[in-house]
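Remarks on the structure that follows.
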Amino acid sequence: SPGHIQAVLAAYPELGNVGAKVATQFGALEHTMKPSETSMHFISDVIGETAQLVDSGYFHVGGDEVATQQWSRSTVARDFMASHRLRRVEGIAGVMMQNAINAVKHLGRRAVVWDEAMHNGVPLPPGTVVMLWRPEMGVNNLAKAAQQGHAVVMCPQDRSYLDQFQSPHGDHDAFGAIGGFLNTRKVYELDFNGHGAKVLGGQGQLWSEYISGGVRELDYKAWPRGAALAEATWSGRHRPGFGDFQRRLELLQPELRRMQVNFRDADGQQALSTAKAIEVHRAAWPFSIWGPLMASYASLAW
């Protein structure tokens, strides 16, 4: 992605539009990669190297929250737009995303992008998978994906971003959050209607910048919402209902405690006492529990 790249630009300033330092905050920052053949070769090389670490048929290349301010002020960017016959500055991101996606395809894999990559005026190469995270785009995003023939993964911010509070205003949460309100029921009700687009599955997001309390806080935010997401994703329209899910979840709680999973209980409390949860060491993650949440691209047979 030409955005979310400030760490790279701090290490390789020649790839940036202006000087960039190591960021001291997180979020959608202004720094973007200089639009040039050198930059695109760099991205292709990085993809080739990092792909060796990931044993998957998919490879995510980003494409979200790309700022355009620096390009708007850059003569290099204007020359890039002219050479690629781009009418909008957002098209710079489109060309750079095309380059990244083609690098992934060259490796025999399928590229995945965030949904902004459909809206920069440059068509995505065939076979690209689009992750729909912006709920405000609604059905329009699905219609666009269907029209362009792209399969999608459902991961809307208002149903699957687990860094949000689990009670209104966070009044009954043990840890801080980015804001918002996403309880287990709302996760369970994640909609998989593709409105004509092929839906590959769903994904939950739990961004680590909002986890300062280590694995205790991670567990608290992931569970039981992760279990709700797993059942919604695997079961689709055949899910048995939230009441039945709650009944079975209650039966599972003793096993979660035995495995030292600090889930959020029905009263908003941490499942493990403070004394037991001060330092949780795990020789291996309990993949029988974590597996469903990690399965981003669940193949659904509904």
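What net charge do the residues around Thr233 carry, taking every other residue with its C-beta under 13 Å from that of Thr233, with Lys and Arg at +1 and Asp and Glu at -1?
It works out to a net charge of +1.
If amide hydrogens are placed 1.01 Å from N in the peptide plane, which non-local residues have theirs closer than 5 Å to the one on Met131?
Long-range HN contacts for Met131: Val113, Trp114, Asp115, Val153.
Would you mind checking which residues have amide H under 5 Å from Gln166's amide H? H placed 1.01 Å from N; only 5 or more apart, or other chain.
Amide H neighbours of Gln166: Leu182.
How large is the direction-averaged shadow of the alpha-carbon convex hull of the range 98-206, in nm²?
With the hull built on Cα positions only, its mean projection is 7.7 nm².
Kindly report the accessible area of the range 83-227 per residue (heavy atoms of protein chains, probe 1.4 Å, no ligands, DNA or RNA), in Å².
On a per-residue basis, the range 83-227 sits at 42 Å².
Which lysines have a Cα lying under 19 Å from the Cα of Lys34, excluding residues fewer than 8 positions away in the same chain?
Result set, ordered by chain and number: Lys21.
Which aspartates and glutamates have a Cα less than 12 Å from the Cα of Lys186, not counting those fewer than 8 places away in the same chain?
Result set, ordered by chain and number: Asp158.
Check His60: other-chain or 5+ apart residues with amide H under 5 Å from its amide H, H built from backbone geometry?
Val112
With a sphere of radius 11 Å drawn around the Cβ of Asn140, what net charge do the other residues whose Cβ falls strictly inside it have (Lys, Arg +1; Asp, Glu -1)?
0
Where does the chain land on Rg/Rh, using Cα atoms and the Kirkwood Rh?
1.00
Rounded, prolate or oblate: which fits the range 6-143 when a ≥ b ≥ c are the square roots of the eigenvalues of the alpha-carbon gyration tensor, with rounded for a/c under 1.5 and prolate only if a/b beats b/c?
rounded
Within the range 135-161, name every residue whose backbone N is under 19 Å away from a label modeled 7 Å from Cα of Glu90 along the Cβ vector.
Answer for this model: 135-150, 157.
For n ≥ 4 DSSP H runs only, could you compute -39500 (n - 2.57) per run for the chain, divide by its residues and tell me the 222 nm figure to the nearest 500?
For the chain, the value works out to -11000 deg cm²/dmol.
How much of the accessible area of the chain, probe 1.4 Å, is carbon plus sulfur, in whole percent?
It is 52 percent, rounded to a whole number.
Could you order His60, His41 so the one with the most accessible surface comes first? Probe is 1.4 Å.
The most accessible residue leads, giving His41, His60.
Can you check what the net charge comes to around Pro126, using other residues whose Cβ is under 11 Å from the Cβ of Pro126 (Lys, Arg +1; Asp, Glu -1)?
+2
So for the pair Asp45, Gln269, with labels modelled 7 Å out along Cα→Cβ, what separation do we get in nm?
Taking the two extended label points, one gets 5.7 nm.
Of the chain, which part is the longest with no GluC sites (Glu not before Pro) in a loop (DSSP not H, G, I, E, B) and with at most 12 other C-beta atoms within 10 angstrom?
Answer from the scan: 1-188.
In whole Hz and in residue order, list the ³J(HN,Hα) couplings for the range 259-273 that follow from phi through the Karplus curve 6.51 cos²θ - 1.76 cosθ + 1.60, θ = phi - 60°; x for Gly and Pro.
8, 6, 8, 8, 6, 8, 7, 5, 9, x, 8, 6, 5, 9, 5
The values are calculated or read from the model by the stated rules, or taken from the named source; none is laboratory data. Quick caveat, the model's predicted, so the values are computed rather than measured. Using ideal geometry, Cβ is built from the backbone for each residue, glycine included, and neighbour counts are taken over all protein chains shown. Side chains are part of the model used for accessible areas, which takes the heavy atoms of the whole protein and leaves out ligands, DNA and RNA. Shrake-Rupley method; radii C 1.70, N 1.55, O 1.52, S 1.80 Å.
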